[in-house]
Each structure stands twice: as C-alpha cells, then as structure tokens.
Amino acid sequence: MVENFTRTADVVEAGRARGLHHGCQICVFHRGNVVLDTAIGEARPGEPLTTQHRMMWLSAGKPLTVVLLARLWEEGLVDIHAPVARYLPEFGVRGKEAITVKHLLVHTAGLRDVDHGWPEVTWDETVRRICAAGLDHDAVPGVTPAYHPMSSWFVLGEVVRRVSRRSFEEFLTTELLTPCGMTQVSLTANEESATYSPLYERQQGELVELPWNAPPRRDRPSPGSSLRGPIRELAVFYEMLRQQGRHGLARILRPPTVEALTARHRISEHDLTLQHAVDFGLGFLINGAKYGVDTVPYGYGRYASAETFGHGGAQCAQGYCDPGHELAVAYAFNGRPGEGQHQRRVRAINDAIYEDLGLAQ
C-alpha cells in the first residue's frame, strides 16, 4: 500500500529526520476501501512501529464521546438544548444555570479555565470540581467562543454516564466500539505497556518520553483525551460517519443525526483558545480553510472539500471525514514537536495524502 503513497511517506520520514517524531501510523479509506494502513518508523528507538501498536489519540478521540451523546439524543433521553443542570443538578450554580448541552458541544460554555484536577484526581472528583466552579472571567454562556480542551468533556461524559445508567467505558464499548469492530480501543493503558507506542515531546531539540502510560494518567480515564488504539480504528469511526452512521449491518446513528452533528453551528468566530476563526459542528471542527488554509489550526489541507469534519489531538493526531472526496483519514505521530511544527506537519501530510490519491484539485 505505502508504495502508492510516496509523498505521504516522505512527509513522515522528513519529520523523523528533523527529530519531530519517531514514527507515525496512517490509515485511509477511499470510497469504502482501505487504500492505506501502515506504520512508518519506530515506536521507541530500536523498536519498529507496527499497525498493531496502540497510539494516544488525545483530543482526536473527543468525537467518540459526541457520538455516545448523540445516541441518547436520538432516543429522546437527552435534549441538547436543555440546561446541563437537568442532568447534573449540582452543575447549575455560580452562573452556570443557563449553560446547555449544546453550549458544551460548540465550546461557548465559558469553562475552559476551570481547575479540574485531572489526572491527579479521579473522574468523580474532576466532575465535582467542574460543577462547583464558576465561569471564566468575562465569559458569557452561549456567546463567548473558546475551545474547551478538558472541562466540558468531563461534563458531557458524566451526562452520558448518568442518563445511560452505565459506566462511560461500558456504554462506549457496547454502543460504539463493539458494533464498529473497534476492539483494540481503550480509555486506559490497562494492558502491558509494550503494546503501546509512547508519546514523546520535543524538548531542546530532543524527543523526551512523556510518562503518560504510567499512573496516574494511565489508570484514570478522560472522555476527552485518553482514548488509545491503533489509528486504523479511528479511521473506521470516520468511515462509519461517512456511511451515514452505519458500519456493516450495525446502525450506530441515523443519517439526520450525522448531518446535525457535522453541520456548521458556530461560524466565523475568533476562538479565544485557538486564536483563529474556526467553525464548529456539534463537537466536530468543520473545514475552516476559508479563514486561511495555511493558518487555521488543525485544518484539513488545501484540497479537502468544504464539508470536511473531524478533530485533532494536541500536537500528535488527527481524524477526519471528507464526504465530497469519499475519504476517511486518521493518523497519529508519536512525537509532539510544538504547535508551530505540528501545524506545518499536519498541512504537509494532509496535502500529500490527497496528492497521492490524485485528488489535488
């Protein structure tokens, strides 16, 4: 497969030569077929990276939480326009009374600066802290556009947990992972660490291993940042969405729900966290190339269709679906080289994938 993706492989190898990462997994579906599923480079120095290694997805895994919430929405068990306090009564204090589920999904809840404590504290304590917290300074719920890396995702995960009356991991497994055949995805590194590729961070020009496969982060799940697995499984997730919520005989979501999740709900606003104009669906970043293809953070490159949707993982991963080109793409690098380097790397690999597929128009 990789011989047909020479430009894509060159981007990965160029990054290795520059010390941005040790390796990368990439999976691409085109028109329903796997056209690339490969691992390039090393999991650790001296250990070849394989397609079976579990990679950290970080925020690239957030959309799985969105789909779980959407299943409850479809069933009439959650109203995204209702106050969060309907489901978590203790949340409705200190100016948070009017925050809705949708505000969390489009990142206008005003909670990005909450001291949540994860991973040093448990899920329950994290939720307690967020529920007890006030709003960010000068934030107006439903108005202030600021991406929430962590806090809102614990609230969404807790809504899923309370409404479903199941643990988040059980609901994730039975309602999404198993029906999609995503059997190697987990919320915690609960197997031998050797099955995982460590995540490295570039410090003073050197890649230094982060202790994220060790306690406490290893054992304390986050619905917005701790999913791990071969990147192929994230591509399967996006192919399911491209197929309008269906994976084989399994129906995960109805087509109108997929359409609602991936429509533009927050448009043209300058995000205070991302420091750029971006468009959000319900938990998905929608293609913002019109705001600057070479500057929009975690974009999809110069060739992606306007309706492309997905999500990035901080300085390391990305998954997306391009319905116009019938593509589902996911990749994960095991090196975090800094935002500037990573954004250039994202633009380069996305463009290379389209060029290798003959879709560079």
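The values are calculated or read from the model by the stated rules, or taken from the named source; none is laboratory data. Please read all numbers here as calculations on a predicted model, not as lab measurements. Cβ coordinates were reconstructed from backbone atoms using ideal geometry, including for glycine residues, and neighbour counts include every protein chain displayed.
Counting residues in segment 94-103 that are under 21 Å from the mean Cα position of the chain (by Cα) and crowded, with 22+ Cβ neighbours inside 10 Å gives one or more. Return the residues of segment 295-321 that are hydrophobic (A, V, I, L, M, F, W, C), in a loop (DSSP other than H, G, I, E, B) and farther than 20 Å from Q361 by Cα; say none if nothing qualifies. If the condition is that a residue be hydrophobic (A, V, I, L, M, F, W, C), in a loop (DSSP other than H, G, I, E, B) and farther than 20 Å from Q361 by Cα, then A314, C316 are the ones that fit.
Looking at Y200, Y238, Y196, which is the one that is surrounded by 13 or more Cβ atoms within 10 Å (Cβ to Cβ), at pLDDT below 95 and among the hydroxyl-bearing types (S, T, Y)?
Sole residue among the options that is surrounded by 13 or more Cβ atoms within 10 Å (Cβ to Cβ), at pLDDT below 95 and among the hydroxyl-bearing types (S, T, Y): Y196.
Residue count for segment 164-184 under the criterion of being part of a loop (DSSP other than H, G, I, E, B) and within 19 Å of the chain's Cα centre (by Cα): the result is 4. For segment 80-90, a residue qualifies if it is under 25 Å from the mean Cα position of the chain (by Cα) and under 13 Å from A132 (Cα atoms), and exactly one does: L88.
In segment 283-292 there is at least one residue matching the filter, namely being within 22 Å of F29 (Cβ to Cβ) and in a strand (DSSP E or B).
Within segment 326-352, the set of residues being touching a strand residue (DSSP E or B) at 6+ places or on another chain (Cβ under 8 Å) and in a helix (DSSP H, G or I) comprises Q341, H342, R345, V346, I349, N350.
Screening segment 171-184 for residues that are out of contact with any Lys or Arg (no Cβ under 9 Å at 6 or more places or on another chain) and surrounded by fewer than 16 Cβ atoms within 10 Å (Cβ to Cβ) and picking the one that is farthest from G76 (Cα to Cα) gives T183. Within segment 275-286, residues that are under 22 Å from A70 (Cα atoms) sit with their Cβ atoms under 6 Å from residues that are of a type in the set (D, E, K, R) and at pLDDT 95 or above, at 6+ positions apart or across chains, in these pairs: D279/R264; F280/R266; I286/R264; I286/D279.
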